[in-house]
Every structure is written in C-alpha cells, then in structure tokens.
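The values are calculated or read from the model by the stated rules, or taken from the named source; none is laboratory data. Since this is a predicted model, take the numbers as computed values, not measurements. Quick reminder, even Gly has a Cβ in these numbers, built from the backbone with ideal geometry, and neighbours come from all protein chains shown.
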C-alpha cells in the first residue's frame, strides 16, 4: 500500500504538476520547417530574464570586488568600463538564448566576428589607452599631483581618465597624454616615491682657479637659498677637467620639482655675482689653432718706381 501511494504521488507530480508547468512553459511561438525549428516560448523568455538577472548580479559583484579598495573618484572611472562589459555579456546571453530557441545564429556570429575584428583593428589604440588607464588606477603607478617627464616635457598631473592623462607644463600649457604611453614608453616620474628630488646647477671655472675657494663659495650660496632643503645637506662635486674649464656641480634637494627652473636661475645669478666678487673667472670655450704649411712661402721682388 505504501509503495502504491508513493507511485501515485510521484505520478501526480510528474504528470499533473510538472506536466502543467511544462505545458505553460511551452506556450509561445513554434515554427517547424523540415530539419529547422524555432521555438519562442515562455520558458525561453523566462530563461533569458533569469540569465539577465544572474549576469547583472555577477557583474555587480565583480565590480565591487575590484573597486573595494579604490577611492570614490577612481570607482567612478570604472563605471563606463563595466557598462561596456555588461553590454557585451548581455549580447552573449541573447545569442545563447536564441541558440537555445532553435534559431540558427551561425551567420550572425560569422558577421559579428568579422565586424568585431574590423572594429578591433580600428580601435586598437583606443583599447590600449583604456587598458593603460585601468593599470594606472589599479596599481597606482601614477597619481594626481605627480610630476612627470614625457618626450622632454615636464608636467604636473591634474587629471587621470581611462583614456588620457592631463598634465600642466611649466609654461602653463596643457599636455594630453594617451595612457598607452605609460605602459609602452619610458616615463620619468619625479615624485613616485616621495616629493623630494635632487637637482643640480653646473658651472665651469678657469684653469688655475682656487678649487677650495670655488667649493666654499658655492656651498655658502646654496645654504642661503630659499627653497633648498637643509636635509639632505647640499654638496659640491668637482666633476671633471673640461676642455676649457674645471667643471663643478652644485647639488641640492628641493620639495617642489615643478618650479625648479626659477630656483636654478636664482642660484646662477648669485653664483655669477659671487664669482665676480671673489675674482673667479667663468671661461669661454678656447681652442688652439695650428697651421701646417706643406710648401714654403714664395717671396717675389717687387720693384718700386722712383
């Protein structure tokens, strides 16, 4: 008896309840033509809706996972990226649902592949810029306020976007840098580790000058210069014996590399004045010219008319 009741309950569930649900899910549009058949039913539409909901939930979780440690400003930069990814995933879900409905999507996939290859080639540099922007934001290799040098131009970064980075140069001009430069080219970041940088001013003095006096004069000048850090301590290097001068470099540390040309100019003014005061000569380039003659000069007698 118990076994018969179990079989009856199973039969009721399979035939009545599940059968009714299956009939309901099979309601819709059915098209049969030989080996091909297309079925757009409530079940397919329900599957598509569930797939969209699950996909949206997974994408939101992925976005939160990758941006959980980012600042609010950096999180906003990822909105467009995740929207693009979401649309691509939605298209894939639609194609999968169409395939499940019996629609032949081979031609559509082939055409889409050719289209995406063309777009990929055309937008290759754009994608590189976006990938570069993602790397910059994620690994913090560049921050707003950093002083960088790109193609010989020094600028202070004031805005980082997914495609480009904007910096202002020392002459108050805006330089727009595609982000792929930061992953493919050599970029100097003056303030990556800290705000302090070492700068130098080079000067040459005439041969025969008192090098100890030159060193003391340079050290005295840099100690009084506003903007130069006391620690680390400035120092002077006797760099080399040049063609026309003894070469020195005055090395010092500053906390504002962006405005260092003005500070260096001020130091050069003071060095010139101090050297004049102490009779230290800054020479100009000199060359010894030797003339070699292969044949002797020929002298001709010139008769003067009386």
Test for residue 154: is it in contact (Cβ under 8 Å) with a residue 60 or more places away in the chain, buried (at least 18 other Cβ atoms within 10 Å of the Cβ), out of contact with any helix residue (DSSP H, G or I) (no Cβ under 7 Å at 6 or more places or on another chain) and not in a loop (DSSP other than H, G, I, E, B): yes
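Does residue 102 fit the bill of being at pLDDT below 70, over 17 Å from the mean Cα position of the chain (by Cα), more than 30 Å from residue 254 (Cα to Cα) and assigned to a helix (DSSP H, G or I)?
Considered against the rule, which asks whether it is at pLDDT below 70, over 17 Å from the mean Cα position of the chain (by Cα), more than 30 Å from residue 254 (Cα to Cα) and assigned to a helix (DSSP H, G or I), residue 102 comes out as no.
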Number of the condition not met by residue 173 [criteria: (1) in the same structural domain as residue 243 (by TED's automatic domain parsing); (2) more than 30 Å from residue 279 (Cβ to Cβ)]: (1)
Strands (runs of 3 or more DSSP E) wholly inside segment 175-274 containing at least 1 residues that are closer than 29 Å to residue 151 by Cβ and touching a helix residue (DSSP H, G or I) at 6+ places or on another chain (Cβ under 8 Å): 197-205, 246-254
